[in-house]
Amino acid sequence: MDFLLKFDTKGKFKIVQFTDIHEGPELDEGISVMRKILDYEKPNLVVLTGDNIDGKCKTAQDVKMAISHIASPMENRKIPWTIVFGNHDDEHGIMSKEEMMKFYMSFKYNISQIGYRTFDRVGNYNLIVEGSKNKTPVINLYFIDSGKYAPFFVGGYNWIKLTQILWYRKIALGLKQRYNKIIPSLMYFHIPIPEYKKAWRRGKPKGEKLDSIDSPLINICGGLFRVLINTKDVIGVFVGHDHFNNFVVKYKGILLGYAGYTGYGGYGDSKIPRGARVILVNETNPTDIKTWLRREGDGELRKLYN
Ligand SMILES: [Zn+2]
(Lines give C-alpha, C1' and ligand atoms only; values in the text may rest on other atoms or scores of the structure.)
Protein backbone atom coordinates (compact mmCIF):
# COMPACT_ATOMS: atom_id res chain seq x y z
CA MET A 1 0.00 0.00 0.00
CA ASP A 2 1.32 3.37 -0.95
CA PHE A 3 1.31 6.17 1.55
CA LEU A 4 1.85 9.58 0.17
CA LEU A 5 4.53 11.43 2.08
CA LYS A 6 3.38 14.97 2.76
CA PHE A 7 4.37 17.84 5.01
CA ASP A 8 1.87 18.13 7.86
CA THR A 9 -0.62 20.98 8.21
CA LYS A 10 1.97 22.95 10.20
CA GLY A 11 4.39 22.68 7.28
CA LYS A 12 6.72 20.29 9.09
CA PHE A 13 8.09 16.88 8.14
CA LYS A 14 9.86 14.88 10.82
CA ILE A 15 11.99 11.79 10.20
CA VAL A 16 13.19 9.42 12.92
CA GLN A 17 16.18 7.31 11.91
CA PHE A 18 16.72 4.08 13.82
CA THR A 19 19.83 2.13 13.00
CA ASP A 20 21.62 -1.09 13.86
CA ILE A 21 18.75 -2.72 15.69
CA HIS A 22 20.35 -6.16 15.16
CA GLU A 23 17.03 -7.81 15.95
CA GLY A 24 16.73 -11.58 16.17
CA PRO A 25 13.93 -14.06 16.79
CA GLU A 26 13.87 -13.10 20.50
CA LEU A 27 12.23 -9.73 21.11
CA ASP A 28 15.01 -7.26 21.81
CA GLU A 29 14.91 -4.36 24.23
CA GLY A 30 15.72 -2.07 21.30
CA ILE A 31 12.09 -2.43 20.18
CA SER A 32 10.92 -0.74 23.36
CA VAL A 33 13.47 2.04 22.76
CA MET A 34 11.81 2.50 19.36
CA ARG A 35 8.32 2.63 20.88
CA LYS A 36 9.32 5.24 23.45
CA ILE A 37 11.02 7.45 20.90
CA LEU A 38 8.08 7.24 18.49
CA ASP A 39 5.61 8.17 21.24
CA TYR A 40 7.80 11.10 22.14
CA GLU A 41 8.75 12.41 18.70
CA LYS A 42 5.66 11.43 16.69
CA PRO A 43 7.50 11.48 13.33
CA ASN A 44 5.98 11.53 9.84
CA LEU A 45 8.42 8.87 8.63
CA VAL A 46 10.75 6.29 10.15
CA VAL A 47 13.90 5.18 8.35
CA LEU A 48 15.83 2.07 9.40
CA THR A 49 19.40 2.33 8.14
CA GLY A 50 20.53 -1.27 8.14
CA ASP A 51 21.72 -4.08 10.35
CA ASN A 52 18.04 -4.21 11.13
CA ILE A 53 18.47 -7.93 11.75
CA ASP A 54 21.55 -10.14 11.80
CA GLY A 55 22.89 -13.69 11.89
CA LYS A 56 21.01 -14.68 15.04
CA CYS A 57 18.20 -15.82 12.72
CA LYS A 58 18.56 -19.51 11.88
CA THR A 59 15.38 -20.20 9.89
CA ALA A 60 13.08 -18.28 7.54
CA GLN A 61 10.60 -18.21 10.42
CA ASP A 62 13.26 -16.52 12.58
CA VAL A 63 13.90 -13.90 9.91
CA LYS A 64 10.19 -13.16 9.58
CA MET A 65 9.81 -13.05 13.34
CA ALA A 66 12.71 -10.58 13.68
CA ILE A 67 11.34 -8.34 10.92
CA SER A 68 7.87 -8.50 12.49
CA HIS A 69 9.34 -7.30 15.80
CA ILE A 70 10.95 -4.37 14.02
CA ALA A 71 7.75 -3.56 12.14
CA SER A 72 5.45 -3.48 15.15
CA PRO A 73 6.32 -0.05 16.65
CA MET A 74 5.58 1.72 13.34
CA GLU A 75 2.66 -0.50 12.30
CA ASN A 76 0.92 -0.05 15.67
CA ARG A 77 1.30 3.72 15.41
CA LYS A 78 0.39 3.89 11.69
CA ILE A 79 3.69 5.59 10.81
CA PRO A 80 5.10 5.07 7.29
CA TRP A 81 8.54 3.48 7.38
CA THR A 82 11.34 2.50 5.05
CA ILE A 83 14.47 0.40 5.29
CA VAL A 84 17.87 -0.06 3.73
CA PHE A 85 20.10 -3.07 4.22
CA GLY A 86 23.35 -3.10 6.20
CA ASN A 87 26.25 -5.53 6.11
CA HIS A 88 24.63 -7.94 8.61
CA ASP A 89 21.06 -8.13 7.29
CA ASP A 90 21.49 -11.22 5.12
CA GLU A 91 24.33 -12.97 6.95
CA HIS A 92 21.88 -15.62 8.12
CA GLY A 93 22.02 -16.88 4.51
CA ILE A 94 18.41 -18.08 4.66
CA MET A 95 16.45 -15.41 2.86
CA SER A 96 17.84 -13.20 0.10
CA LYS A 97 17.67 -9.42 0.37
CA GLU A 98 14.95 -9.43 -2.27
CA GLU A 99 12.88 -11.96 -0.32
CA MET A 100 13.35 -9.96 2.85
CA MET A 101 12.46 -6.71 1.10
CA LYS A 102 9.23 -8.29 -0.15
CA PHE A 103 8.46 -9.32 3.41
CA TYR A 104 9.17 -5.80 4.70
CA MET A 105 6.93 -4.40 1.96
CA SER A 106 4.09 -6.70 3.00
CA PHE A 107 3.56 -4.56 6.10
CA LYS A 108 0.81 -2.02 5.66
CA TYR A 109 2.87 1.07 6.52
CA ASN A 110 6.15 0.01 4.97
CA ILE A 111 6.90 2.04 1.84
CA SER A 112 10.31 0.57 0.95
CA GLN A 113 10.96 -0.55 -2.60
CA ILE A 114 13.16 -3.16 -4.22
CA GLY A 115 13.96 -0.32 -6.62
CA TYR A 116 17.10 -0.41 -8.70
CA ARG A 117 19.07 -3.66 -8.44
CA THR A 118 22.75 -3.94 -9.26
CA PHE A 119 25.41 -6.43 -8.15
CA ASP A 120 24.26 -7.64 -4.71
CA ARG A 121 22.51 -4.35 -3.98
CA VAL A 122 18.77 -4.38 -3.39
CA GLY A 123 16.63 -1.45 -2.33
CA ASN A 124 18.02 1.57 -4.14
CA TYR A 125 15.03 3.90 -4.41
CA ASN A 126 13.79 7.40 -3.79
CA LEU A 127 10.63 8.90 -2.30
CA ILE A 128 9.27 12.39 -2.71
CA VAL A 129 7.66 14.38 0.08
CA GLU A 130 4.94 16.72 -1.15
CA GLY A 131 3.99 20.10 0.22
CA SER A 132 1.21 20.41 2.80
CA LYS A 133 -1.18 22.25 0.50
CA ASN A 134 -0.42 20.91 -2.97
CA LYS A 135 1.38 18.21 -4.88
CA THR A 136 4.60 20.15 -5.34
CA PRO A 137 7.62 18.10 -4.26
CA VAL A 138 9.38 19.85 -1.37
CA ILE A 139 12.06 17.32 -0.50
CA ASN A 140 13.27 14.03 -1.89
CA LEU A 141 14.71 11.06 -0.03
CA TYR A 142 17.22 8.57 -1.43
CA PHE A 143 17.77 5.10 0.00
CA ILE A 144 20.83 3.10 -0.99
CA ASP A 145 22.16 -0.38 -0.22
CA SER A 146 25.81 0.28 0.69
CA GLY A 147 26.72 -3.42 0.55
CA LYS A 148 28.90 -5.59 2.74
CA TYR A 149 32.56 -6.53 2.56
CA ALA A 150 35.17 -5.62 -0.04
CA PRO A 151 37.08 -8.36 -1.89
CA PHE A 152 39.76 -9.91 0.38
CA PHE A 153 42.63 -8.29 -1.55
CA VAL A 154 41.15 -4.86 -0.77
CA GLY A 155 39.92 -5.55 2.75
CA GLY A 156 37.41 -3.63 4.82
CA TYR A 157 33.93 -2.74 3.67
CA ASN A 158 32.57 -2.53 0.17
CA TRP A 159 31.77 0.75 -1.53
CA ILE A 160 28.74 2.25 -3.22
CA LYS A 161 29.05 0.97 -6.78
CA LEU A 162 29.50 3.17 -9.81
CA THR A 163 26.22 1.79 -11.18
CA GLN A 164 24.45 3.02 -8.04
CA ILE A 165 26.09 6.43 -8.35
CA LEU A 166 24.93 6.63 -11.97
CA TRP A 167 21.44 5.52 -10.91
CA TYR A 168 21.37 8.30 -8.30
CA ARG A 169 22.52 10.89 -10.83
CA LYS A 170 19.91 9.81 -13.34
CA ILE A 171 17.13 10.16 -10.75
CA ALA A 172 18.45 13.56 -9.61
CA LEU A 173 18.73 14.95 -13.14
CA GLY A 174 15.32 13.51 -14.05
CA LEU A 175 13.70 15.28 -11.09
CA LYS A 176 15.47 18.52 -11.91
CA GLN A 177 14.24 18.36 -15.49
CA ARG A 178 10.71 17.40 -14.54
CA TYR A 179 10.20 20.06 -11.87
CA ASN A 180 12.53 22.67 -13.29
CA LYS A 181 14.31 23.09 -9.96
CA ILE A 182 16.68 21.26 -7.65
CA ILE A 183 14.71 19.42 -4.98
CA PRO A 184 16.65 19.40 -1.68
CA SER A 185 17.31 15.78 -0.83
CA LEU A 186 18.41 13.59 2.05
CA MET A 187 20.20 10.31 1.54
CA TYR A 188 20.14 7.27 3.81
CA PHE A 189 22.40 4.20 3.77
CA HIS A 190 24.34 2.02 6.21
CA ILE A 191 28.12 2.28 5.83
CA PRO A 192 29.68 5.77 6.03
CA ILE A 193 31.49 7.03 2.93
CA PRO A 194 35.22 7.90 3.33
CA GLU A 195 34.46 11.64 3.50
CA TYR A 196 33.14 11.11 7.03
CA LYS A 197 36.79 10.76 8.12
CA LYS A 198 37.91 13.94 6.40
CA ALA A 199 34.86 15.80 7.66
CA TRP A 200 35.53 14.74 11.26
CA ARG A 201 39.11 16.01 11.00
CA ARG A 202 38.54 19.17 9.01
CA GLY A 203 35.00 20.22 9.82
CA LYS A 204 33.26 21.39 12.99
CA PRO A 205 31.51 18.23 14.18
CA LYS A 206 28.69 18.25 16.70
CA GLY A 207 28.31 15.08 18.72
CA GLU A 208 30.52 12.15 19.57
CA LYS A 209 32.97 9.88 17.78
CA LEU A 210 33.57 7.02 20.21
CA ASP A 211 34.13 4.43 17.49
CA SER A 212 36.31 4.14 14.40
CA ILE A 213 34.87 5.45 11.14
CA ASP A 214 34.63 2.16 9.26
CA SER A 215 34.18 3.43 5.72
CA PRO A 216 35.42 1.60 2.61
CA LEU A 217 39.13 1.80 1.81
CA ILE A 218 38.35 2.42 -1.85
CA ASN A 219 36.85 5.65 -3.15
CA ILE A 220 37.16 5.51 -6.92
CA CYS A 221 37.41 9.03 -8.40
CA GLY A 222 35.96 10.53 -5.23
CA GLY A 223 33.05 8.09 -5.32
CA LEU A 224 29.52 9.06 -4.43
CA PHE A 225 30.47 12.22 -2.55
CA ARG A 226 32.04 13.87 -5.56
CA VAL A 227 28.92 13.26 -7.61
CA LEU A 228 26.74 14.58 -4.77
CA ILE A 229 28.77 17.80 -4.76
CA ASN A 230 28.39 18.18 -8.51
CA THR A 231 24.71 17.28 -8.61
CA LYS A 232 23.86 19.69 -5.77
CA ASP A 233 20.55 18.23 -4.61
CA VAL A 234 21.66 16.25 -1.54
CA ILE A 235 21.99 18.40 1.57
CA GLY A 236 22.36 15.61 4.12
CA VAL A 237 23.64 12.03 4.27
CA PHE A 238 22.79 9.82 7.26
CA VAL A 239 24.25 6.44 8.14
CA GLY A 240 24.64 3.94 10.96
CA HIS A 241 27.17 1.08 11.11
CA ASP A 242 29.60 2.53 13.68
CA HIS A 243 27.42 2.14 16.76
CA PHE A 244 29.26 4.59 19.02
CA ASN A 245 29.44 7.47 16.54
CA ASN A 246 26.62 9.98 16.63
CA PHE A 247 28.11 13.20 15.28
CA VAL A 248 26.95 15.41 12.43
CA VAL A 249 29.36 17.58 10.50
CA LYS A 250 29.00 19.82 7.49
CA TYR A 251 31.55 19.09 4.80
CA LYS A 252 31.69 20.95 1.49
CA GLY A 253 28.12 22.06 2.03
CA ILE A 254 26.66 18.62 2.81
CA LEU A 255 25.71 17.54 6.31
CA LEU A 256 27.20 14.10 7.08
CA GLY A 257 25.53 12.44 10.04
CA TYR A 258 25.52 9.33 12.17
CA ALA A 259 22.58 8.06 14.20
CA GLY A 260 24.43 6.03 16.84
CA TYR A 261 22.61 2.72 17.42
CA THR A 262 19.17 1.60 18.47
CA GLY A 263 19.32 -2.09 19.33
CA TYR A 264 20.73 -4.31 22.04
CA GLY A 265 21.42 -7.22 19.66
CA GLY A 266 24.74 -5.98 18.26
CA TYR A 267 27.81 -4.66 20.04
CA GLY A 268 27.03 -2.05 22.63
CA ASP A 269 28.07 -0.26 25.77
CA SER A 270 25.82 0.42 28.75
CA LYS A 271 27.39 3.89 29.05
CA ILE A 272 26.42 4.83 25.48
CA PRO A 273 22.64 5.17 25.23
CA ARG A 274 20.64 3.62 22.39
CA GLY A 275 18.43 5.95 20.41
CA ALA A 276 17.69 7.66 17.14
CA ARG A 277 18.55 10.65 15.03
CA VAL A 278 15.66 12.98 14.38
CA ILE A 279 15.44 15.33 11.42
CA LEU A 280 12.93 18.12 11.15
CA VAL A 281 12.34 19.80 7.81
CA ASN A 282 10.40 23.02 7.50
CA GLU A 283 8.38 23.41 4.31
CA THR A 284 9.12 27.12 3.98
CA ASN A 285 12.89 26.59 4.18
CA PRO A 286 13.62 22.93 3.43
CA THR A 287 17.39 23.32 3.07
CA ASP A 288 17.68 24.46 6.68
CA ILE A 289 17.15 21.11 8.42
CA LYS A 290 17.16 20.74 12.19
CA THR A 291 18.56 17.54 13.65
CA TRP A 292 19.10 16.05 17.09
CA LEU A 293 19.55 12.76 18.89
CA ARG A 294 16.75 11.30 20.97
CA ARG A 295 18.13 8.59 23.19
CA GLU A 296 16.94 6.45 26.07
CA GLY A 297 17.84 8.09 29.34
CA ASP A 298 18.28 11.48 27.69
CA GLY A 299 16.53 14.46 29.26
CA GLU A 300 12.83 14.53 28.65
CA LEU A 301 12.63 10.99 27.37
CA ARG A 302 13.92 9.73 30.69
CA LYS A 303 11.55 11.97 32.60
CA LEU A 304 8.66 10.65 30.60
CA TYR A 305 9.37 6.99 30.92
CA ASN A 306 11.18 6.34 34.22
ZN1 LIG B 1 25.64 -2.82 13.31
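The values are calculated or read from the model by the stated rules, or taken from the named source; none is laboratory data. Only a predicted model underlies this, so the values are computations on that prediction, with no experimental measurement involved. Note: ideal-geometry Cβ built from the backbone for every residue, glycine included; neighbour counts use all protein chains shown. Note: areas computed on protein heavy atoms with side chains; ligands, DNA, RNA excluded. Shrake-Rupley method; radii C 1.70, N 1.55, O 1.52, S 1.80 Å.
Below are the figures for this structure:
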{"read-out": "Count of residues meeting criterion [in contact with a Ser or Thr (Cβ under 6 Å, 6 or more places away or on another chain) and surrounded by fewer than 19 Cβ atoms within 10 Å (Cβ to Cβ)] in segment 11-46", "value": "1"}
{"read-out": "Qualifying positions in segment 47-67 - hydroxyl-bearing (Ser, Thr, Tyr) and either open to solvent by 30 Å² or more (accessible area, probe 1.4 Å) or touching a helix residue (DSSP H, G or I) at 6+ places or on another chain (Cβ under 6 Å) (or both)", "value": "59"}
{"read-out": "Those residues of segment 210-235 which are over 24 Å from residue 148 (Cβ atoms) and either of a type in the set (Ser, Thr, Tyr) or outside any loop (DSSP other than H, G, I, E, B) (or both), in sequence order", "value": "229, 230, 231, 235"}
{"read-out": "Residue list for segment 192-214, restricted to those being more than 13 Å from residue 251 (Cβ to Cβ) and touching a helix residue (DSSP H, G or I) at 6+ places or on another chain (Cβ under 8 Å)", "value": "209"}
{"read-out": "Whichever residue in segment 77-102 is in contact with a strand residue (DSSP E or B) (Cβ under 9 Å, 6 or more places away or on another chain) and hydrophobic (A, V, I, L, M, F, W, C) and, among such residues, is farthest from the ligand (Cβ to nearest atom)", "value": "79"}
{"read-out": "Residue that is nearest to the ligand (Cβ to nearest atom), among those in segment 252-292 that are part of a strand (DSSP E or B) and buried (at least 21 other Cβ atoms within 10 Å of the Cβ)", "value": "258"}
{"read-out": "Filtered residues of segment 11-28 (kept if in contact (Cβ under 8 Å) with a residue 40 or more places away in the chain and part of a loop (DSSP other than H, G, I, E, B))", "value": "11, 19, 20, 21, 22, 24, 25, 27, 28"}
{"read-out": "From the options 208, 283, residue that is within 30 Å of residue 56 (Cβ to Cβ), at pLDDT 95 or above and touching a Phe, Trp or Tyr at 6+ places or on another chain (Cβ under 7 Å)", "value": "208"}
{"read-out": "Criterion (within 16 Å of the ligand (Cβ to nearest atom), surrounded by 15 or more Cβ atoms within 10 Å (Cβ to Cβ) and either among the basic types (Lys, Arg) or in contact (Cβ under 8 Å) with a residue 12 or more places away in the chain (or both)) met by exactly one of 70, 111", "value": "70"}
{"read-out": "From the options 125, 188, 196, 168, residue that is within 18 Å of residue 232 (Cβ to Cβ) and open to solvent by less than 10 Å² (accessible area, probe 1.4 Å)", "value": "168"}
{"read-out": "Strands (runs of 3 or more DSSP E) enclosed by segment 43-142 - at least 2 residues per element that are within 20 Å of the chain's Cα centre (by Cα) and closer than 18 Å to residue 185 by Cβ", "value": "45-49, 81-84, 121-130"}
{"read-out": "Any hit, segment 233-251, residues being without any contact (Cβ under 8 Å) to a residue 60 or more places away in the chain, closer than 23 Å to residue 154 by Cβ and away from the ligand (no atom under 16 Å from the Cβ)", "value": "yes"}
{"read-out": "Residue match in segment 154-176 (condition: assigned to a loop (DSSP other than H, G, I, E, B), in contact with a strand residue (DSSP E or B) (Cβ under 7 Å, 6 or more places away or on another chain) and either away from the ligand (no atom under 16 Å from the Cβ) or of a type in the set (Lys, Arg) (or both))", "value": "yes"}
{"read-out": "In segment 128-144, the residues that are among the hydroxyl-bearing types (Ser, Thr, Tyr) and open to solvent by 10 Å² or more (accessible area, probe 1.4 Å)", "value": "132, 136"}
